[in-house]
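Remarks on the structure that follows.
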Amino acid sequence: MRSMKLLITFAFLFSSIGRVALAQEHAPVKVTRLYTGEDGLSHFEQVSVIFSAVPGAPNAVEQSEPISMKKSYVVRIAPGFFEGWHNADARRYVITISGRAEVEVANGQKLIAQPGQVVLAEDLTGKGHTFRVLGESDWVALFVDMEK
């Protein structure tokens, strides 16, 4: 009888561990990629950041593949600013810190850049995109230029 209780207890623990592990599944982290298609026009696509375990760190710690950066800087642009068709002048991450901005590509698709959003700007050729600051607040973003 005692071994039966012990067996039931272990069965319960193992089934609970599985449920806890499922409850700890992470939501995907998405980056909006702005790129030039084969048609020479800029497009948006959502890409998932791929994470892997960090050797020697607790299981709760994951990181993406490191990327070499060239430089980083913070940009502030006043409300109402508009820039016509242009390309990104470097491959970079653009992370909105505050304010809102709109990026439009040739097919009329628009992206509203809001705080916390990450954009990977890679449309270095082609027609490019337009950019405008929305609302009454400055748009502030961290630009992280990549080596290549």
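The values are calculated or read from the model by the stated rules, or taken from the named source; none is laboratory data. Worth saying up front: this structure is predicted, and the values here are computed from it rather than measured. A quick note on method: Cβ atoms are made from the backbone with ideal geometry, for glycine too, and the neighbour counts reach across all protein chains shown.
To keep it simple, each residue is scored yes or no on (1) farther than 30 Å from Glu25 by Cα; (2) touching a strand residue (DSSP E or B) at 6+ places or on another chain (Cβ under 6 Å); (3) of a type outside the set (D, E, K, R).
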| site | (1), (2), (3) |
| --- | --- |
| Ala57 | no, no, yes |
| Ser68 | no, no, yes |
| His86 | yes, no, yes |
| Asp89 | yes, no, no |
| Tyr93 | no, yes, yes |
| Thr96 | no, yes, yes |
| Arg132 | yes, yes, no |
| Glu136 | yes, no, no |
| Ala141 | no, yes, yes |
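Would you call Glu65 at negative phi, without any contact (Cβ under 8 Å) to a residue 24 or more places away in the chain and either under 19 Å from the mean Cα position of the chain (by Cα) or assigned to a strand (DSSP E or B) (or both)? It would help to see each step written out before you state the result.
Working: at negative phi: yes; without any contact (Cβ under 8 Å) to a residue 24 or more places away in the chain: yes; either under 19 Å from the mean Cα position of the chain (by Cα) or assigned to a strand (DSSP E or B) (or both): yes.
Yes; evaluated as a whole, the condition is true for this residue.
Within segment 83-107, track down each residue that is among the small types (Gly, Ala, Ser) and modelled with pLDDT under 95.
Residues of segment 83-107 that are among the small types (Gly, Ala, Ser), as a first pass: 84, 88, 90, 98-99, 101, 106.
Scanning segment 83-107 gives a single hit, Ala106.
Taking Ile77 and the conditions (1) more than 19 Å from Gly126 (Cα to Cα); (2) at pLDDT below 95; (3) surrounded by 15 or more Cβ atoms within 10 Å (Cβ to Cβ), which numbered condition does it fall short on, given that it satisfies the others?
Looking at each condition in turn, Ile77 falls short on (2).
Would you be able to tell me the number of residues in segment 20-62 that are within 23 Å of Val94 (Cα to Cα), in a loop (DSSP other than H, G, I, E, B) and β-branched (Val, Ile, Thr)?
3
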